[in-house]
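Trainee: Take a look at this one; I'll ask things after.
Nothing in this text is a laboratory measurement; each read-out follows from the coordinates by a stated rule. What you see is a predicted model, and the numbers here were worked out from it, not measured in a lab. A quick note on method: Cβ atoms are made from the backbone with ideal geometry, for glycine too, and the neighbour counts reach across all protein chains shown.
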Amino acid sequence: MKILLDDLLVQKIITGKYQIRSLDLNVANIIKEPINIAYSFVLEDEYVDINISTSGNLYLNCDRCMDEYAYKIDLYENLSLGLKEFGTEYDVDEEARHYIILSFPLKLTCKTDCKGLCPKCGKNQNTTPCTCKNEIFNPKFEKLKSIKF
Ligand SMILES: [Zn+2]
Ligand SMILES: [Zn+2]
């Protein structure tokens, strides 16, 4: 969705809402549900007052266990742009995309205490805990074993 300066100069206020089904995000995600975007552009004397709210669910893959999980977004952005900065048109999708990326935490995990995959057998430790932990080779114990009393 693009807001044109020409339209804004005539209408002074442009508001609306729409849904998008694809966002070019640099993470492996599938947009299964549309993302809702609502916007308002208000032309003041020398600048444009912009409000954009973005909400919905993104489906991401957990960095630790690889499982897909819903990442809820509910973002609200308010900014003012000078007419020069605004340019001839303003891309709302691009701004929403940018804002969503900025909202991501450093690590995308399904939950804060995700146990991840077992490095040995690859099982998901959240759903199918394995016993590999007890079998991890420990050279210290091996040495002890070989000592004969
Ligand atoms: Zn996880
Ligand atoms: Zn295991």
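Trainee: Report the equivalent ellipsoid semi-axes for the chain in whole Å, largest first, defined as the square roots of five times the eigenvalues of the gyration tensor built from alpha carbon atoms.
Mentor: 53, 15, 10
Trainee: Next question, about the same structure. Relative to the present Cα-Cα distance, how much length would full extension add between Glu77 and Thr131 at 0.36 nm per residue of separation?
Mentor: Roughly 14.7 nm would be gained on extension.
Trainee: If Lys and Arg each add +1 and Asp and Glu each add -1, what is the summed charge of the other residues whose beta carbon sits under 14 Å from the beta carbon of Ile101?
Mentor: Within the 14 Å Cβ shell, the charges total -4.
Trainee: Kindly state, to the nearest 0.05, the FRET efficiency for Glu89 paired with Glu33, given R0 = 30 Å and r defined as their beta-carbon distance.
Mentor: Given R0 = 30 Å and the Cβ-Cβ separation, E is 0.60.
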